[in-house]
Amino acid sequence: MDLIPAPIAVRRAAPGGAPGLSLDPASTLAGAAGTEDAERWLRSVLGAATGLALPRAADPVLGLRLDPALAPEEYRLAVDAERARITAGGPAGAHWGAQTLRQLLGPDAYRRAPLRRTGWQLPVCEIADAPRFGWRGVLLDVARHFLPLADLLRFVDLLAAHKLNVLHLHLTDDQGWRFEVRRYPRLTEVGGWRERSMVGYRTGNRRDDRPHGGYYTQDDLRELVAYAADRGITVVPEIDLPGHTQAAIAAYPELGNTDVVDTRALGVWTDWGVNPNVLNASEATLAFFEGVLEELLEVFPSEYVHLGGDECPKEQWRASQAAQTRIKELGLADEDGLQSWMIGHFDSWLTARGRRLIGWDEILEGGLAPRAAVASWRGYAGGVAAARAGHPVVMCPEQHVYLDHRQSDGPDEPVPIGFRRSLADVYRFEPVPSSLDEVSAGQVIGTQANLWSEFADDSRDLDYRAFPRLAAFAEVAWSPLPRDPAARDLADFERRMRTHYARLDAIGVAYRPPAGPHPWQRRPGVAGRPLPGPPPQV
Ligand code: ACM
């Protein structure tokens, strides 16, 4: 069956025993109340792949229903020679059960038109399954390189196929602003594109001379949110502040530190790296971003809203009379206190609107806002501190699950940056460090793989960096693997991956082959920045 991610429990009829359930033109499909989305999805994907109509029936061959005794994402799948039954705790669980059913039909079930009309068979089995973590996320950076909506929808399908349930969308950065804000049109008119891009790591000193840009209208994003929700996925938007904001400052120069730099001369940034041009902390700037967030909340219904908070250099605030006056007026200790105060402002603002702030672990510096959740990226330490203080934590340490980082030590890796993270390395990633006691460990609501896009300018590049490693990550996030990475059965995972590659081939995923990149996946001569040796154990 080679399921990925591995379910909690599988019971299979002995080989040669039960004949399996054959699907044919007489096969029917129906879902009971609460499973409508999963039913519609299953009819659409299986209908496309098999050519079968799968009409509704009172006693269907493929049936879905809810059972309130199960947790919302939990499901059971039972197949005998007559019928298959998916029973789930909620709509998302019904979708995960439907995804498992598709896996059981074989790689051709991932195609969008039938290669054949016969021979569709489900093995007789009983599966009991539920996720380890409620937050199984992937960050996609659509700011450094814009990803067209059609590619984004395809990426949602790939997440759903791996039972990942959070798409963290990094919508704004120094190099581009991708979210339409109706009251501030210059954010996308000016901030939505740049004149050229750096090619590779900055030491290579290479640039193209090609304008790059694009943005999503609010309706585009409503479509994305609805498409994701149909598949059990929540889209968590990120508006990064107070750093990573040069595109916004280029559009509205009054947002920057105008007493330190001539912000009217700033364009959208055309380099990669950490940028000194950050927001000022005035009341007007806070009000401006409240306006942005008001529109954001109308588009994204997620409980969590990510406000970044990472990599905000403080030198402009140190040099700015306005910032120094603000620090004194507010009775703050220093520039870290000022950032913490800004994040705290939005923590209260979001809380008052029934939402919750999540930010990168730098939001711990200067004091963590009362309700904030932390995405721990610089290692485990920020997440450990936040969990011990009783805050929700998403573990996404760059040493382990930054999927923009290189996949091998070999010379052929395209634009090799960061730590070497092979498929096996990601399979051995454990989100909950053993230093946390049981209570604090319970604050780790999940884990996330982050896919930054400085060195991935289209969906094929993203596929290469995401796969196959996202399959290993999905199993880490979903399956009940031993917490001791050394006790995990890597050989069994690698064996199941052989079937999984055939599924990815059927979908058309441009993954990194196990033996190394295809010639056309290499980027000879484009500088990277590989970090030496194994990642520090942090
Ligand atoms: C980050 O990688 N700057 C969150």
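The values are calculated or read from the model by the stated rules, or taken from the named source; none is laboratory data. Remember, predicted model here, so these are calculated numbers, not experimental data. Because the Cβ atoms are built from the backbone with ideal geometry, glycine has one as well, and the counts that use them run over all protein chains shown.
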Problem - Residue list for the range 474-505, restricted to those being of a type outside the set (S, T, Y) and outside any helix (DSSP H, G or I) - result: P480, L481, P482, R483, D484, R488, D489
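Looking at L293, L297 in this structure, which one is touching a Phe, Trp or Tyr at 6+ places or on another chain (Cβ under 9 Å) and modelled with pLDDT of 95 or more? Steps first, answer last, please.
Numbers: L297 fails: touching a Phe, Trp or Tyr at 6+ places or on another chain (Cβ under 9 Å).
Checking each option against the conditions leaves just L293.
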Exercise for the section: Determine whether the range 408-420 contains at least one residue that is in contact with a helix residue (DSSP H, G or I) (Cβ under 6 Å, 6 or more places away or on another chain) and more than 23 Å from R522 (Cα to Cα). Expected result: no
Practice task
Starting from residues that are free of Cβ contacts under 8 Å to residues at least 60 places away in the same chain and in contact with a Pro (Cβ under 8 Å, 6 or more places away or on another chain), keep the ones in the range 422-448 and report whichever is surrounded by the most Cβ atoms within 10 Å (Cβ to Cβ).
Solution key: F429
Handout entry: Matching option when the condition is away from the ligand (no atom under 16 Å from the Cβ), surrounded by 17 or more Cβ atoms within 10 Å (Cβ to Cβ), of a type in the set (D, E) and modelled with pLDDT of 95 or more, among D492, D457
Key = D457
Practice task
Filter the range 397-421 down to residues that are more than 12 Å from P532 (Cα to Cα) and away from the ligand (no atom under 16 Å from the Cβ) and give me whichever is surrounded by the fewest Cβ atoms within 10 Å (Cβ to Cβ).
Solution key: P411
Fill in the blank from the handout: Out of (1) of a type outside the set (K, R); (2) within 15 Å of A449 (Cβ to Cβ); (3) surrounded by fewer than 19 Cβ atoms within 10 Å (Cβ to Cβ), the one V394 does not meet is (3)
Fill in the blank from the handout: Counting only helices (runs of 4 or more DSSP H) wholly inside the range 244-342, the ones holding at least 2 residues that are without any contact (Cβ under 8 Å) to a residue 60 or more places away in the chain and crowded, with 18+ Cβ neighbours inside 10 Å are 283-299, 321-329
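Output the residues belonging to the range 112-164 that are part of a loop (DSSP other than H, G, I, E, B), more than 20 Å from E180 (Cβ to Cβ) and out of contact with any Lys or Arg (no Cβ under 9 Å at 6 or more places or on another chain). Working first, answer last.
Initial filter on the range 112-164 (part of a loop (DSSP other than H, G, I, E, B)): 112-119, 123-124, 130-134, 142-148, 162-164.
Next cut, more than 20 Å from E180 (Cβ to Cβ) only: 112-119, 123-124, 130-134, 162-164.
Of everything in the range 112-164, those that are part of a loop (DSSP other than H, G, I, E, B), more than 20 Å from E180 (Cβ to Cβ) and out of contact with any Lys or Arg (no Cβ under 9 Å at 6 or more places or on another chain) turn out to be R112, A113, P114, L115, R116, R117, T118, G119, A130, R132, F133, G134.
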Fill in the blank from the handout: Residues of the range 36-75 being more than 27 Å from G119 (Cα to Cα), crowded, with 21+ Cβ neighbours inside 10 Å and under 25 Å from the mean Cα position of the chain (by Cα), in sequence order, are E73, E74
Fill in the blank from the handout: Picking from G367, G354, G379, G390, the residue that is within 16 Å of the ligand (Cβ to nearest atom) and on the phi > 0 side of the Ramachandran plot would be G379
Fill in the blank from the handout: Per the list (1) touching a strand residue (DSSP E or B) at 6+ places or on another chain (Cβ under 9 Å); (2) assigned to a helix (DSSP H, G or I), residue check on A424 breaks on (1)
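Within the range 186-211, how many residues are in a loop (DSSP other than H, G, I, E, B) and out of contact with any helix residue (DSSP H, G or I) (no Cβ under 9 Å at 6 or more places or on another chain)? First the steps, then the outcome.
Narrowing the range 186-211 to residues in a loop (DSSP other than H, G, I, E, B): 190-192, 195-197, 199-201, 205-206, 208-211.
Subset that is out of contact with any helix residue (DSSP H, G or I) (no Cβ under 9 Å at 6 or more places or on another chain): 195-197, 199-201, 205-206, 208-211.
Within the range 186-211, residues that are in a loop (DSSP other than H, G, I, E, B) and out of contact with any helix residue (DSSP H, G or I) (no Cβ under 9 Å at 6 or more places or on another chain) number 12.
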Problem - Candidates Q448, Q443, filtered to the one that is farther than 30 Å from L330 by Cα, at pLDDT 95 or above and within 14 Å of the ligand (Cβ to nearest atom) - result: Q448
